[in-house]
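The values are calculated or read from the model by the stated rules, or taken from the named source; none is laboratory data. These numbers come from a predicted model, not from an experiment. Ideal geometry is used to build each Cβ from the backbone, glycine not excepted, and the neighbour counts take in all protein chains shown. When the accessible area is computed, the model is the full protein with side chains, heavy atoms only, and any ligands, DNA or RNA have been set aside. Shrake-Rupley method; radii C 1.70, N 1.55, O 1.52, S 1.80 Å.
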Amino acid sequence: MREPSLGGIVQTEQDRKRPLLRAGNMNCGGCGMSNIFQLLSHAVAGRDVKLVIPACCGAITAHTYPQSAFDVPTILTTFASAASVATGIAAVAGLNNEETRVICMAGDGGTYDIGMATLSAAAERNENILYICYDNEIYGNTGGQRSSSTPAGAVTTSTPLGKRENKKDIMAIMAAHRIPYAATVSIAHAEDALNKMRTALDTNGFRFLHILSPCPTGWKSEPAMGIELVRLAVRSGLFPVYEVFHGDRYVINIEPDFSDEALSMYLSLQRRFRKSGVTETSLRPGIDKYWHGLRMLSGRIVPARRH
Amino acid sequence: MPVELISANHGAGLAATLAGRANRTGRGFCCGVYPITPATDCMEYLCAQEIEKSKVVRVESEHSAMGVCIGASATGARSFTTTSSNGLAYMAENCVTAASLRLPIVLVVANRTMGPPWNIWADHGDSLMLRDLGWIQIYCADNQEVFDTVLFGFRLAENAEVMMPLMVCMDGFTLSHTIAQINVPEQDMVDRFLPITTVPHQLGSTPHALGQIEVAHQVASHRRQHHEAMEKVFHVYTDIQDEFQQIMDRSLPDPVVSYRIEDAESVIISMGTIGATAEQVVDDLREKGQRVGSLRLRMFRPFPMKSIRENLKTARRVAVIDRDISLGFGGVLWGEIKAVGSRNGLIIQNYMMGIGGGMSGRSIFAGF
Ligand code: SF4
């Protein structure tokens, strides 16, 4: 099951010569965020980029002063201010007619929770920012506490018996802001991911990418399994892959096969779901319901699942 | 030089506008602003201005207002914002970032009591709460001083040897809403006084990270550098004062404003508008034959220890007036004055006045 996230995609002339995230960074082995940076390096290519990273694992990724593992100018901000600091940077780039792409790379805590007001306000103002949420469904940097992105049933250090509440629907929230572009991204589907990253980089105004980001440390999974886990989440319908343009045009990019087998494998390959007793059967109704809504929004009348 | 009859809030907004325009050939001017009483008028004034090469972002909180300033300043623009009281408390986290990243942001604080229980009147407790972060803090006594200090503040904050954020404090309502005459320089005078902003460590095109983790000895040496830069403020201050005088043709007060201090046995020490009242009280008492003087601290951080010591040479009794209280200790200013002023035979007493916007007029002094 091991494979590089760019399986089948070779580096071309137009690609960025050096990776955005260099070797020698502080990420755990198998961190999905490292894969995201790898993909993003290709998508960014020759563009002028500035990174904004709030308090999260990404802030540690850079390693210690004065070296930086990031190959672009980067600013580390307080937890709740990625989108506001990025606003200032994008504004000054605009004043100076620079083509700079300002990219926030934030975890789910900084996006779903503490940074929500800042994020929402920047989206409402349609700032020229690409906001990427690498969603590992946990406060990874503080040792694995629940966030409002943690799925029901997952054990975290602050929900030792498994979280009770469902995961917040961040995409619905972002779509409700009518931003030019929002998309969910699977790192197991490199071509789709690259297309979306490129679209997001080329679009002006506020763009949001939601990326499921395996966290071996928090998910209690094998580092080598990350991409496979995302593939299982996509196949089973647990992580829908779609785009939303201007908050109203929904495009489903990958059709899952809603396989219960995939869902059961997704759960069993992580130890975080062991205690709470979530199973493919308990998750299925929620998935069906979500897909029903998604299909309505996308205008596609396809049965929600095969029986 | 035209004279405007405006409030200190509008004066601060006007000074920021002129300073913003002065950076039009640089990387521009960018602010995040959010309303809070009594600083709101300053923000409203700014939002109504058309400033070449500028953007004022109307954000959703003070935390984000400072966030925008951080982003703008980190990419080399001139940056300004304004707040009060709980707004400053809410902004505080990002004020730490601004200071530690050594970004020359100018912040106008219309001092106001912290709540709840809610109170909108003057009290220095809000800005003093941020005493230790590495911001320069200047307290003003009249509208002209507020206006001049904003211009001066950018020059000081952006000085290569100083390079840190600066707070211009004014008593809420007492100054912020009082309309008085302000001499307003022409744009070309401001252009001459305020060169374009250069942030040597700005995020440009070479990869480097601002604000990444540091280990203990790195933090310690950065703190030390910051502290040393604080100490340089005094001599840079004097240099800029001279230039201000030459270009604007008027003087800007010293970090410590002394009044009839030469032979004073009793000295009143205070900050902000109470300092102006204290000077009148000194006149009253001098008429009664008492040898009284006043020291008004304009600069609170860095703390002008040397100047205070020199000014207390003849003193036997010192009355420190605090428009604040550090609960469980006493007046904040009193604590600082005791730390630098103590010597045998010198009595340093603490008085609280005007807390929560309470009376601070001349008659109140009589009760002391
Ligand atoms: S804790 Fe998780 S998200 Fe953080 S670096 Fe490790 S694997 Fe990545």
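For segment B:3-248, relative contact order (Cα pairs under 8 Å, six or more residues apart, normalised by length) works out to 24 percent. Note that segment A:187-307 presents 44 Å² accessible area per residue, ligands and nucleic acids not counted, probe 1.4 Å.
Solvent exposure of residue B:310, expressed as accessible area, is near 100 Å², computed with a probe of 1.4 Å over the protein chains only. Please compute the net charge surrounding residue B:144, taking Lys and Arg as +1 and Asp and Glu as -1 over other residues with Cβ under 14 Å from its Cβ. Summing Lys/Arg as +1 and Asp/Glu as -1 gives -3. Relative to the longest principal axis of the Cα atoms of chain A, the long axis of helix A:280-298 lies at roughly 50 degrees. For chain B, the mean residue ellipticity at 222 nm estimated from helices alone is -12500 deg cm²/dmol, where every DSSP H run of n ≥ 4 contributes -39500 (n - 2.57) and the total is divided by all residues, rounded to the nearest 500. Once amide H atoms are placed 1.01 Å from N in the peptide plane, what residues at a sequence separation of 5 or more from residue B:108, or on another chain, have their amide H within under 5 Å of its amide H? Those lying under 5 Å, H to H, from residue B:108 are B:81, B:82, B:83, B:168.
The mean sequence separation of alpha-carbon pairs under 8 Å and at least six residues apart, normalised by the residue count of chain A, gives a relative contact order of 17 percent. Structure shown: which of A:17/A:167; A:163/A:220; A:163/A:196; A:196/A:275; A:168/A:196; A:17/A:50 lie over 26 Å apart, alpha-carbon to alpha-carbon? The pairs that break the limit, which is 26 Å between Cα atoms, are A:17/A:167; A:163/A:196; A:196/A:275.
Rounded to the nearest 10 square angstrom, residue B:123 shows an accessible area of 10 square angstrom against a 1.4 Å probe.
For segment A:112-267, the calculated P(r) over all alpha carbon pairs, in 5 Å bins from 0 to the bin holding the longest distance, is 2, 9, 17, 21, 21, 16, 10, 4, 0 percent. Taking only the alpha carbons of segment B:63-187, we obtain Rg and Dmax values of 14.1, 44 Å in that order.
Considering the protein assembly as shown, its Cα convex hull presents a mean projected area of 31.9 nm². The DSSP beta bridges internal to segment B:256-365 are antiparallel in roughly 25% of cases.
The calculated Kirkwood hydrodynamic radius for chain A is 19.4 Å, given to one decimal from all distinct C-alpha pairs. Summing Lys and Arg as +1 and Asp and Glu as -1 over all other residues whose Cβ lies under 15 Å from the Cβ of residue B:114 gives a net charge of -3.
Taking 18 Å as the straight-line reach from the Cα of residue B:338, the lysines in range (excluding those fewer than 8 positions away in the same chain) are B:306, B:313.
When you restrict to C-alpha pairs under 8 Å that are six or more residues apart and normalise by the size of segment B:1-47, the relative contact order lands at 47 percent. Only DSSP H runs of four or more residues enter the estimate; each adds -39500 (n - 2.57), and after division by the residues of chain A the mean residue ellipticity at 222 nm equals -10000 deg cm²/dmol.
For the chain pair A and B, buried accessible area totals roughly 2800 Å², probe 1.4 Å, rounded to the nearest 100. Within the shell of other residues whose beta carbon sits under 12 angstrom from the beta carbon of residue B:47, the net charge comes to -1, with Lys and Arg scored +1 and Asp and Glu -1. Along its first, second and third principal axes, ordered by size, chain B spans 65, 51, 46 Å in Cα coordinates. The largest accessible area among B:97, B:82, A:12 belongs to the first residue in A:12, B:97, B:82, and the rest follow in falling order (1.4 Å probe, all chains). The residues B:121, B:334, A:219, sorted by heavy-atom accessible surface at 1.4 Å with ligands and nucleic acids left out, run B:121, B:334, A:219 from largest to smallest. Of all DSSP beta bridges confined to chain A, the antiparallel ones make up roughly 30%.
With N counted as the residues of segment B:256-365, its alpha-carbon radius of gyration over 2.2 N^0.38 Å works out to 0.98. Of the solvent-accessible surface of chain B, computed with a 1.4 Å probe over protein heavy atoms with every protein chain present, carbon and sulfur atoms account for 51 percent. Accessible surface computed residue by residue for chain B, with neighbouring protein chains in place and a 1.4 Å probe, gives 38 Å² per residue. Taking every DSSP bridge with both residues inside chain B, close to 25 percent are antiparallel.
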